[in-house]
Amino acid sequence: MPSALILVANGTEEMEFTIIYDTLVRAGVKCTSALVTSPGHSGHDETEPGAVQCSRGVRIVPDASLSQLSASTTGGYDAIIIPGGLKGAETISQSSLVQSLVRSFYESKKLVGMICAASLVAKTSQLPRQPLTSHPSVKDQLDKDFEYREDSVVISGNLITSRGPGTAFPFAFALVENLCGAQKRSEVIPPMVFPPGTPL
């Protein structure tokens, strides 16, 4: 069974987090959500992470704190996926632990997924120049270091990026296809009952 580590922080965009998590679980991917906190954070005990407040007020309780996961544990996942939401993406992108993990996953040819403002992590992790997309609000922070595109989903080897809440389903299905194959993607979509003609 493929496995994915999905990061979350205060200010994460809840649609992006939940749509990705839910869709991957439907495809049979084992998902773990991991809390990323700001440097110097003095909130909850990170061994028992409390709820994070997402960008529109939804509260999510992560499975674990990223800082408490061992290197051997994080290295066992097949993918690392980062939802957007500007405040959450800023916290996650500035984490040296996240930067190290993203580089490790990328260099190991494991799947790295980023949506919306989370594409800032590609820059702070110093990933090589390649095609990439993001939410328009952070385009000017990325287009000098990457081959910026405005497609809903951009696949560049093992890096998959997307634009925002409205592209979360196509992004999630691209992740499913990468982790589980095209057949699994085609099996997951029909029971979700999208309106005819929905671009997926």
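Some observations on this one:
- Between LYS30 and ASP151, the contour length at 0.36 nm per residue exceeds the alpha carbon distance by 40.8 nm.
- Neighbour net charge for CYS116 - beta-carbon separation under 11 angstrom, K R +1, D E -1: -1
- Dipole size of the chain about its Cα centre, with +1 on Lys/Arg Cβ and -1 on Asp/Glu Cβ: approximately 280 debye, rounded to the nearest 20.
- Phi angles of the stretch 55-69 translate, via the Karplus equation with coefficients 6.51, -1.76, 1.60 and θ = phi - 60°, into HN-Hα couplings of 5, 10, x, 5, 9, 10, 9, x, 6, 7, 8, 4, 5, 8, 7 Hz per residue; Gly and Pro are given as x.
- Using a Förster distance of 22 Å, the FRET efficiency for ASP63-THR18 (Cβ separation, nearest 0.05): 0.95
Coordinate-derived values only; no laboratory data. It should be emphasised that the depicted structure is a prediction, and the values quoted were computed from it without experimental measurement. Every residue, glycine as well, gets a Cβ built from its backbone with ideal geometry; the counts of neighbours run over all protein chains shown.
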